[in-house]
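The values are calculated or read from the model by the stated rules, or taken from the named source; none is laboratory data. Everything numeric here is computed off the predicted structure, so don't read it as measured data. Because the Cβ atoms are built from the backbone with ideal geometry, glycine has one as well, and the counts that use them run over all protein chains shown. Heads up: the accessible areas ignore ligands, DNA and RNA and are worked out on the full protein's heavy atoms, side chains in. Shrake-Rupley method; radii C 1.70, N 1.55, O 1.52, S 1.80 Å.
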Amino acid sequence: MIYMDYAGLGLPRQDALRQEYEYKLALSMDPSLEFKYVDIIERNKKNISKRFFHTENYMVSYVRNTTEGITIASNVIPLEAGDEVVLSSLEHRSADNSWEYMCEKKKAKLIKVSIDPNDSTEKIVEKFKAAVTEKTKVVFCSHIDRNFGIVFPIKEISQIADSVNAYSVVD
């Protein structure tokens, strides 16, 4: 699953809010417009899927915000008792909440990889490699940490997840 968010740590742009309002107003007056917008969204997903992710458009999902995307991922990935979910110690609280809740509900184990802001890329990869086991079902990581600006080595972390057939979920 791939989802994108505008990383809105502040207020959305006024033009974006205006367009959203106009879309909802038009749709409330003529519900058949939904079909027009679905076509536009599907064309947009196709372009984004190919250009940025080199995948098919059914692998991309639009969500309203990151929390919603992570919550969806944590709810649809099948976890069972004894499975492991691995994530970094620097994740946003909403991500922690989603994974903690699902692990508690499914009796899975949540493993937090302790990341120091001064860790090198190689050290981060080592830490994830040490945390991931055959019981790991999900490896979750932000692409860019919001506090320190750490750019996580997503390709390498995803390869670690792939090596044990685990899902990679990237914020």
Next item on the list: Would you check if there is a residue in the stretch 103-115 being under 17 Å from Asn147 (Cβ atoms), of a type in the set (Asp, Glu) and part of a helix (DSSP H, G or I)?
Entry: no
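For Asp96, are the conditions met, namely being out of contact with any strand residue (DSSP E or B) (no Cβ under 7 Å at 6 or more places or on another chain), of a type in the set (D, E, K, R) and not in a helix (DSSP H, G or I)? Give the derivation first.
Values: out of contact with any strand residue (DSSP E or B) (no Cβ under 7 Å at 6 or more places or on another chain): yes; of a type in the set (D, E, K, R): yes; not in a helix (DSSP H, G or I): no.
Judged against the criteria, Asp96 is not a match.
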Check: Which residues, taken from the stretch 66-90, are under 10 Å from the mean Cα position of the chain (by Cα), open to solvent by 20 Å² or more (accessible area, probe 1.4 Å) and not acidic (Asp, Glu)?
Finding: Thr66, Thr67, Thr71, Ile72
Item checked: Odd one out for Val60 among (1) buried (at least 16 other Cβ atoms within 10 Å of the Cβ); (2) at pLDDT 80 or above -> (2)
Notebook entry, point to check: Inside the stretch 128-153, can you point out the residues that are closer than 14 Å to Glu91 by Cβ and either of a type in the set (A, V, I, L, M) or open to solvent by 20 Å² or more (accessible area, probe 1.4 Å) (or both)?
Noted result: Ala131, Val138, Val139, His143, Ile144, Arg146, Asn147, Phe148, Ile150
Check: Out of all the residues in the stretch 132-151, is one or more under 20 Å from the mean Cα position of the chain (by Cα), assigned to a loop (DSSP other than H, G, I, E, B) and under 22 Å from Gly82 (Cβ atoms)?
Finding: yes
Notebook entry, point to check: Can you name every residue in the stretch 154-168 that is touching a residue at least 24 places away in the same chain (Cβ under 8 Å) and either on the phi > 0 side of the Ramachandran plot or open to solvent by 80 Å² or more (accessible area, probe 1.4 Å) (or both)?
Noted result: Ser163, Tyr167
Item checked: Residues within the stretch 91-106 that are at pLDDT 90 or above, basic (Lys, Arg) and either exposed (fewer than 15 other Cβ atoms within 10 Å of the Cβ) or over 16 Å from Leu79 (Cα atoms) (or both), tallied -> 1
Checklist line | Extreme residue, nearest to the chain's Cα centre (by Cα), among residues of the stretch 22-65 that are assigned to a helix (DSSP H, G or I) and acidic (Asp, Glu) | finding: Glu42
Check: Going by the structure shown, is Glu122 assigned to a helix (DSSP H, G or I), among the acidic types (Asp, Glu) and open to solvent by 30 Å² or more (accessible area, probe 1.4 Å)?
Finding: yes
